Structures are given as structure tokens and as C-alpha cells.
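**Q** Structure provided below as C-alpha cells; questions to follow.
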Amino acid sequence: MFEKTDIVCIGESLIELSTDKSLAYADVLNKYFGGDTMATAVAASRLGAKVGYITVVGNDYLKDFLLDAWACEGLDTSQTRLAEGANGLYIIARCPNGKKEFVYYRKKTAATALSESNINTEYLKNTQIVYSTGITQSLSLSAREAVKTAFKIAKENDIKVAYDLNYTSRVWEPEEAKESFEEILPYTDIMFVNLEHDIKPLYGLASADLVIKTLWDKGVNTIIVREANGTISLGYNGEIITKSFIETEELVDTTGSGDVFNGAFLYGLVQGYTPFEALRLALVMNYYQVQGIGAIKSIPSKDKVIDYYNNTEQL
């Protein structure tokens, strides 16, 4: 018998090495951990959700760092498996001139071994939401099949399916991304997309309203569209509302902000918030997260987020 969870995330976590200097001249790289689905998982967990994480971890010198860090975050890693091979990593430089330098090392890592064999039907039956991303699908053909299998199981058992397209040309080709996206559409209830980074490059759709209505026609009930101008649109049950991200004078680092937003939004849903209330909560989470350095390190505490949410009427 598996313990109940609120959300199960499927993906990869990577070692994060970061610096506030250019990569050419940095003497020190700070070690942490990252990954898009991991940022979502930790955001939901810090708010109080019970979150399970499904992945494959490389049996290298860094595995204990990752597993211990996830345990400290309260994540259920009972479905995480070890495999021979290295863990992926990325290096990010937040340069003094405001420029970001970003390098991935994630080919043929242990996480690419993620497959259908890692998906346990009985485990998924004990959660409310199953979540994954296009980044996870891009790991390998077997990882892509794992995501599809998990989503199919969830759909068959009336469990909500949430997905972020999270397209980037750094990790795969447009046609492959579109194929992977379209094969999970029939199972997806909640979808997060970025207008400029995801939808325009892949489909040429130019407005949030058009994206939402197109996805409604394909059976997705709840759609969140982010835009580069700082607005975010939510389409739910035939209604569309548009909000702006909360402005802050202390904007430091937007790395992983979309993934952290997703975690807060999903937490709101499992707590019984309406999607519109969950949107407000996620905006508060983002407001605090972008004031610190690092996608995960800067995720705020529950008390801070809930206090702001309860005491700010203009949201």
C-alpha cells in the first residue's frame, strides 16, 4: 500500500553550478540542484503539499547530495530509481551586466533511462495530480513513453493531468516537440504554456486568447498562458482572465520562475482553491521567488506566501 500524495512529478533533476560572474572569469561555482519539474515539486512541497518525484538518479559521487536534499524538502522519492551513469548538470552565470550565460550537460545521463518501468499504476492511483513537461519528454524516447503512460493511467483513473510544454531549441527539434506535445493532449486537463517561447515557435499562434480557445477545442479545460510583457492569462470553464505579475523593485533572478509558479498553482488546486484563486497564489509565490538567486534556493516559505495572499486585496 502506497502513502497518499497530492501531486506526483515526473522528470529529471540536475546539479546546478552557479556564479555571479561570467563563466570565463568565475573562480567559484556554487552547488545546488535544479530541473524544471524539480522546481515545481519543491514549490508545492514548501507550501505544504505531499509531493512524489519519479526519476532516475545516476550512481555517481553526487547522488547522495541529490537524495539528501530532496529528503530535506519533504519529497517522496520511493519511486526514484538508481542507475549506473552520471547525473546531468547545468552551469548558470548571472553576470553583473544583467546577461545570463547558460550551459547544459545532460546527454546520455542516468535520467535518460526513465521509462515505462518506472511508472507504477498503484502509486499513481494514490495522488490527485500527475505532472510532467516537454523537457522530461525530450530526455529520450523511453522517457517520452513514460510520460504518456503515466498520463494515460491518470486519465483512466480520474486523476488530473497537468503539463508544461516548456519548449526550448537547446534540447530538441520543433517537429519532435510538437509530436510529443500532441500525443499527450488527449489526457491533459491543465496546461501551462509560454506564448513567445512555446506556442509562437511551434504553432505561430499570436495571442493568449487564441491559444486558450484552441486548447479548449482540443479538450484541455484549464490553460495558463504566460507572455513576455509580464501578463498571464487563465482560461477555465469558458472564462478568460488576464493578470500581471506582481512588480518588485528587488528583481534579482527569474530562473525557474515559471516552474515555481506551476508548483504554487497546483498546490492551490489540491487545497480546493478555484483556478482563479490558485492563479493569485502562484503570482505571490513568483513575487518572492524572483527576489532571490537560484530557481529552487529562492522559493519562499509557506507563511510568507499565505500572509501576502490573505492580506493583499488588489491581486
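The values are calculated or read from the model by the stated rules, or taken from the named source; none is laboratory data. Bear in mind that the values here come from a model prediction, so they are computed numbers and not experimental data. FYI the Cβ positions are ideal-geometry reconstructions off the backbone, even for glycines, and counts take in every protein chain you see. To get the accessible areas, we keep the full protein, side chains included, count just its heavy atoms, and leave off ligands, DNA and RNA. Shrake-Rupley method; radii C 1.70, N 1.55, O 1.52, S 1.80 Å.
**Q** Roughly what percent of Cα-Cα pairs across segment 260-315 reach past 15 Å?
**A** Numbers: 644 of 1540 pairs.
Tail of the P(r) past 15 Å holds 42 percent of the pairs.
**Q** Once the principal axes of the Cα atoms of segment 74-153 are found, what is the range along each, listed largest first in whole angstroms?
**A** Taking the Cα atoms of segment 74-153, the three principal extents are 50, 28, 24 Å.
**Q** Where does each of Leu62, Leu251, Leu47 land when they are ordered by accessible area, with a 1.4 Å probe and the largest first?
**A** The ranking, largest first, comes out as Leu251, Leu62, Leu47.
**Q** Can you give me the distance in nm between label points at Lys152 and Glu277, each placed 7 Å from the Cα along the Cα-to-Cβ direction?
**A** My value for the distance between the label points is 3.6 nm.
**Q** Please report the carbon-and-sulfur percent of the accessible area for segment 172-315; probe 1.4 Å, protein heavy atoms only, DNA, RNA and ligands left out.
**A** It is 44 percent, rounded to a whole number.
**Q** If you take every DSSP beta bridge fully contained in the chain, what fraction is antiparallel? Give it as a percent rounded to 5.
**A** 45
**Q** Of Tyr163, Val130, Gly85, which is farthest towards the positive pole of segment 79-201's charge dipole, taken about the Cα centre with +1 and -1 on the beta-carbons of Lys, Arg and Asp, Glu respectively?
**A** Checking the options against the dipole of segment 79-201, the answer is Gly85.
**Q** Right, here's the next one. Under 24 Å between alpha carbons, and skipping anything fewer than 8 positions from Lys21 in its own chain: which lysines qualify?
**A** Those lysines meeting the cut-off are Lys31, Lys99, Lys100, Lys297.
**Q** In debye, nearest 20: dipole of the chain around its Cα centre with unit charges on the Cβ of K, R (+) and D, E (-)?
**A** 220
**Q** Another question, then. Which one of Tyr32, Cys9, Thr19 has its Cα pushed farthest toward the positive end of the charge dipole of segment 1-60, where Lys and Arg give +1 and Asp and Glu give -1 at the Cβ?
**A** Cys9
**Q** Just to confirm, what accessible area per residue do you get for the chain at 1.4 Å probe, in whole Å²?
**A** 44
**Q** Let me ask something else. Quick one: compute the contact order of segment 154-277, relative version, from alpha carbon pairs under 8 angstrom and 6+ residues apart, as a percent.
**A** It rounds to 17 percent for segment 154-277.
**Q** Write out the GluC sites (Glu not before Pro) in segment 45-147 meeting two conditions: DSSP loop, and at most 10 other Cβ atoms within 10 Å of their Cβ.
**A** Glu84
**Q** To the nearest 0.05, how large is the calculated FRET efficiency for Leu141 and Asn311 if R₀ is 41 Å and r is the Cβ-Cβ distance?
**A** Here the calculated transfer efficiency is 0.25.
**Q** What percentage of the solvent-accessible surface of segment 28-136, computed with a 1.4 Å probe over protein heavy atoms, is contributed by carbon and sulfur atoms?
**A** 51
**Q** Still on this structure: Could you list, in their original order, any pairs among Lys148/Lys243; Lys125/Lys148; Lys107/Lys304 whose Cα atoms are separated by more than 27 Å?
**A** Lys148/Lys243; Lys107/Lys304
**Q** What's the FRET efficiency of Lys218 with Asp27 using the Cβ-Cβ distance as r and R₀ = 41 Å, to the nearest 0.05?
**A** Values: r = 51 Å, r/R0 = 1.23.
In this case the efficiency is close to 0.20.
**Q** Where both partners of a DSSP beta bridge lie in segment 150-236, what percent of those bridges are antiparallel, to the nearest 5?
**A** Percent antiparallel among DSSP bridges in segment 150-236 is about 40.
**Q** Does a label point 7 Å from the Cα of Asp20, set along Cα-to-beta-carbon, have any residues of segment 241-265 with amide nitrogen under 13 Å, and which are they?
**A** Backbone N within reach: 252-253.
**Q** About the Cα centre of segment 153-301, how large is the charge dipole given +1 on each Lys and Arg Cβ and -1 on each Asp and Glu Cβ? Please answer in debye to the nearest 20.
**A** The dipole magnitude comes to about 260 debye.
**Q** Sorted by accessible area with a 1.4 angstrom probe, largest first, how do Trp70, Trp216 fall?
**A** Trp216, Trp70
**Q** A follow-up question, please. Over the Cα atoms of segment 1-106, how large are the radius of gyration and the largest Cα-Cα distance (Dmax), in Å?
**A** 15.2, 53
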